[in-house]
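Note sheet for the following structure.
What follows is calculated from the coordinates using simple rules that are stated; it is not laboratory data. Computed from a predicted structure; not experimentally measured. All Cβ positions, glycine included, derive from the backbone under ideal geometry; neighbour counts span all protein chains shown.
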Amino acid sequence: MDRQQEFVLRTIEERDVRFVRLWFTDVVGSLKSVALAPAEVEGAFDEGLGFDGSAIEGLARVFESDMLAQPDPSTFQILPWRGESEATSRMFCDILTPDGEPSAADPRNVLKRNLAKAADMGFTCYTHPEIEFYLLKSQEPGPDGSPVPVDEGGYFDHVPGGVAQDFRRTAVTMLESVGISVEFSHHEAGPGQNEIDLRYADALQTADNIMTFRTVIKEVALQQGTYATFMPKPFTTHPGSGMHTHFSLFEGDTNAFYEAGAEFQLSETARQFIAGVLKHAPEFTAVTNQFVNSYKRLWGGGEAPSYLSWGHNNRSALVRVPLYKPGKGQSARIEYRGIDSAANPYLAYAVLLGAGLKGIEEGYQLPAAAEDDIWSLSSAERRAMGHDPLPASLHDAIRTMEESELMPQILGEQVFEHFLRNKRAEWQDYRLQVTPYELRRNLAIL
């Protein structure tokens, strides 16, 4: 037994932990949980916990349903919202086949495989997400059928005695108590919209942190009598909720994206990484923007990027290179602005990293940076400058992903097929719906 496992078992005993929750995700990033009695934890470390994988979306087919959940002791945390008496803890799990091999269908394993490939190329990947969400008065819509936000605040507004202010303070305190470092928190542009930025960490830890973050935000909202949603675009007339993520690759202690004296201080490695992300972005948009509603955000304005472009400190670009601060070469990074807050973080980071590594492997050439506000250009101007559009709907994104050669390599055939099957079913369900918009627009005149 290693030291981390011993630490977990000792802490369970010393803190009188009554329940140990094992967490993992399905193919679309829904959190799954099973509670273990403390006496069973040592056995789970040794042998894993058996369960029926065929009952979990995308995890196993019926004829291979037996799976094992193996807890990762490095992710052990006490869950503060469950109280001090009879404490509850959690660990993330790796999903294994009965013979102990990593499951090809486990989203966490998909990311670990791509991080291992990066490591083989000499790189460690660090990420830093900016997560937006809406805080609503309740899950129930208002009289007009729209959600009801907790306030009418705007970007960076300080609302004395505001619900969101108290909410953010409690949420940040709770996040830090489970080992998640927070860099910033503030009111975002939409009414009731908030943003909390997590401090940078390696990509696997960040993905675990995002899954925990969503749970904490939901729990704090429920405790305070409100409702938090990560839906990409809950309001027609207000901005959507994104998860802009900063990426950097390190070679040992050296930032591989930094080169003193180069344009924007960007190394050739960084330029090739960006070129890979831009070239393959249409193929992975179904992963980073996986719901019908995601495309209402992408094409609904409000600083959402809709075209393949990159720029230095250009917030209308899909990939932004943040302003360089003299003497801060270690902080050189790129920001991908397309991901929304409802993405499966394991798969989203895997496809972005995989596309960037492909650019480095193949030596992709980066087109010229966009200096204009891309939203203000005409369609002809965007075409002439090479700013092709991202998929305009989930249907378009599915079609583009289906034709990709790279995505099955990054995700693995099983996740690729299960993910597409889930998304095709969602699109089919959506396109059969008669919406309030159609009734309002057509019923009285047709």
Quiz item: How long is the gain from Q223 to R169 if the chain were fully straight, where each residue apart is worth 0.36 nm and the alpha carbon distance is subtracted?
Solution: 18.1 nm
Quiz prompt | Likely footprinting exposure, T245, T237, T170, fewest C-beta neighbours within 10 Å first | solution = T237, T170, T245
Exercise. List every residue whose amide H lies under 5 Å from the amide H of Q77, counting only residues 5 or more places away in sequence or on a different chain, with H placed 1.01 Å from N in the peptide plane.
Key: R90
Exercise. Would you kindly compute the Cα radius of gyration of the stretch 364-444 and its largest Cα-Cα separation (Dmax), both in Å?
Key: 18.1, 54
Self-check item: Convex hull (Cα only) mean projected area of the stretch 216-368, reported in nm² to one decimal
Solution: 10.5
Self-check item: Per-q log10 I(q)/I(0), the chain, q = 0.06, 0.08, 0.09 Å⁻¹ (Debye; single scatterer per alpha-carbon; no solvent)
Solution: -0.26, -0.47, -0.60
Quiz item: Not counting the cut sites, what is the longest span of the chain without GluC sites (Glu not before Pro) that DSSP labels loop and that have at most 12 other Cβ atoms within 10 Å?
Solution: 153-370
Self-check item: Cut-off under 5 Å, modelled amide H: who pairs with I131 long-range
Solution: I196, D197, L198
Exercise. Output ³J(HN,Hα) for the stretch 162-167: one whole-Hz value per residue in order, computed from phi by the Karplus curve 6.51 cos²θ - 1.76 cosθ + 1.60 with θ = phi - 60°, and x for Gly and Pro.
Key: x, 4, 5, 4, 4, 4
Practice problem: Using DSSP to define loop residues, name the chymotrypsin sites (Phe, Trp or Tyr not before Pro) in the stretch 110-196 whose beta-carbon has at most 14 other beta-carbon atoms within 10 Å. | Solution: Y155, F156
Quiz prompt | Using θ = phi - 60° and Karplus 6.51 cos²θ - 1.76 cosθ + 1.60, couplings along the stretch 347-363 (whole Hz; Gly, Pro as x) | solution = 6, 4, 6, 5, 6, 5, 5, x, 5, x, 5, 4, x, 5, 4, 8, x
Quiz item: Quick one: Kirkwood hydrodynamic radius for the stretch 187-283, alpha-carbon pairs, angstrom, one decimal?
Solution: 16.6
Practice problem: Rounded to the nearest 500, what is the 222 nm mean residue ellipticity of the chain from helices alone, with -39500 (n - 2.57) per DSSP H run of 4+ residues and division by all residues? | Solution: -11000 deg cm²/dmol
Quiz item: Whose amide H sits under 5 Å from the amide H of Y258, counting only residues 5 or more places off or on another chain, with H placed in the peptide plane?
Solution: S267
